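Worksheet for the structure shown next.
The values are calculated or read from the model by the stated rules, or taken from the named source; none is laboratory data. Note that this is a predicted model, so its numbers are computed, not measured. FYI the Cβ positions are ideal-geometry reconstructions off the backbone, even for glycines, and counts take in every protein chain you see.
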Amino acid sequence: MGANPDNALLDDLIRRRLDEILPQKLAELRAQKTPAMTIIATKGTLDWAYPPFILASTAAALGWNVSVFFTFYGLNLLKKDLSDLKVSPLGNPGMPMKMPFGPEWFKHINWNIPNAVQAVVPGFETLATTLMKQTIHNKGVAEVEELRSACVEGGVNLIGCQMTVDLFGFTHDDFIPEVKEYCGAATFLPMARDADVSLFI
Amino acid sequence: MSAAVLDAKGLNCPLPILKAKKALQGVAPGELLEVYATDPGAVKDFEAFCRQTGNELMASTQEANVFKFVIKRIK
């Protein structure tokens, strides 16, 4: 093929023309396409409830197509009642322990409480959760429930992992009715393949 | 032309954007929405929001610690 001088000339012309046209054409196609995002939400604590719901609700507000696959502890984020989500400072050295009340100097103290103490004080997690909820409120940060509602309103596709539902002995009735689909990895992966953004949280 | 007003003061990311998106749905194309916010992250976020959603950010100003955004609904 390449031996034919006419073809070589033609190929060269096509290549040069494509170099000129293609970037603009690709940009056009990209601009026309509705962006898509898929998230795998695997954590079921108060703090880790935020990233998937913030990103999903914001992407929906930007007009993106969003699907979130809730698996393992992430299933807790789909429960009808979210009030028992907790945060644990135990073994979590990244978590600042600051008081949400009192004078400014007091609020700035980072209480460095050893794991050994946290582990033996009954109700430590509940206390930390109460303080965190107060901080969330003080700072004008949304409640998890509010962000989840924003996801539902924005048309975010909430998907439950059927295997984990069985594993943990849940029933579909434990979860909000907006969860339209329960499936497995084989259903989720093709969605993630077609998405522009895919995150594991 | 009177603009719709959204008070998002005291709210933190991503609430100002989520509320603005909702408020824009009640604004006719070509009309304006004024948003007031105190979250410093909102300045960049509203630029990105308008660029992504194809609406026009007519103004982004600051008075004391309050940011004001004027958004024209295009589509």
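Can you find a residue in region B:41-50 that is acidic (Asp, Glu) and either touching a residue at least 60 places away in the same chain (Cβ under 8 Å) or within 12 Å of chain A (Cβ to nearest Cβ) (or both)?
Of region B:41-50, the ones acidic (Asp, Glu) are B:45, B:47.
From what's left, either touching a residue at least 60 places away in the same chain (Cβ under 8 Å) or within 12 Å of chain A (Cβ to nearest Cβ) (or both): B:45.
For region B:41-50, residues acidic (Asp, Glu) and either touching a residue at least 60 places away in the same chain (Cβ under 8 Å) or within 12 Å of chain A (Cβ to nearest Cβ) (or both): present.
Test of understanding: among B:Leu18, B:Leu33, B:Leu57, B:Leu11, which residue is touching a Lys or Arg at 6+ places or on another chain (Cβ under 9 Å) and within 12 Å of another protein chain (Cβ to nearest Cβ)? Walk me through how you get there before you give the answer.
On the way: B:Leu18 fails: touching a Lys or Arg at 6+ places or on another chain (Cβ under 9 Å); B:Leu33 fails: within 12 Å of another protein chain (Cβ to nearest Cβ); B:Leu57 fails: within 12 Å of another protein chain (Cβ to nearest Cβ).
One residue alone meets the criteria, B:Leu11.
Evaluate region A:30-37: report whether one residue or more is touching a residue at least 24 places away in the same chain (Cβ under 8 Å) and either in contact with a Lys or Arg (Cβ under 9 Å, 6 or more places away or on another chain) or small (Gly, Ala, Ser) (or both).
yes
Which condition from (1) assigned to a helix (DSSP H, G or I); (2) away from chain B (no Cβ under 13 Å) is the one that A:Phe170 breaks?
The one condition A:Phe170 does not meet is (1).
Has region A:117-130 got any residue that is surrounded by 11 or more Cβ atoms within 10 Å (Cβ to Cβ), within 30 Å of A:Ala60 (Cβ to Cβ), at pLDDT 90 or above and more than 14 Å from chain B (Cβ to nearest Cβ)?
Among the residues of region A:117-130, at least one is surrounded by 11 or more Cβ atoms within 10 Å (Cβ to Cβ), within 30 Å of A:Ala60 (Cβ to Cβ), at pLDDT 90 or above and more than 14 Å from chain B (Cβ to nearest Cβ), which makes the answer yes.
Within region A:74-116, work out how many residues are out of contact with any Phe, Trp or Tyr (no Cβ under 8 Å at 6 or more places or on another chain) and more than 30 Å from A:Ala56 (Cβ to Cβ).
Adding up the residues that qualify gives 15.
Restricting attention to region A:153-167, and to residues there that are within 14 Å of another protein chain (Cβ to nearest Cβ) and surrounded by fewer than 17 Cβ atoms within 10 Å (Cβ to Cβ), which single residue is nearest to B:Ala37 (Cα to Cα)? Walk me through it before giving the result.
At the first step, the residues of region A:153-167 found to be within 14 Å of another protein chain (Cβ to nearest Cβ) are A:153-156.
Right, trim to surrounded by fewer than 17 Cβ atoms within 10 Å (Cβ to Cβ) and you get A:153, A:155.
On the way: A:Glu153: 22, A:Gly155: 25 Å.
If we take residues in region A:153-167 being within 14 Å of another protein chain (Cβ to nearest Cβ) and surrounded by fewer than 17 Cβ atoms within 10 Å (Cβ to Cβ), then A:Glu153 is nearest to B:Ala37 (Cα to Cα).
Taking B:Glu31 and the conditions (1) closer than 20 Å to A:Ala150 by Cβ; (2) surrounded by fewer than 18 Cβ atoms within 10 Å (Cβ to Cβ), which numbered condition does it fall short on, given that it satisfies the others?
Against the list (1) closer than 20 Å to A:Ala150 by Cβ; (2) surrounded by fewer than 18 Cβ atoms within 10 Å (Cβ to Cβ), B:Glu31 comes up short only on (1).
Condition test on A:Tyr50, is it assigned to a helix (DSSP H, G or I) and within 14 Å of another protein chain (Cβ to nearest Cβ)?
Details: assigned to a helix (DSSP H, G or I): yes; within 14 Å of another protein chain (Cβ to nearest Cβ): yes.
When the stated conditions are applied, A:Tyr50 passes them.
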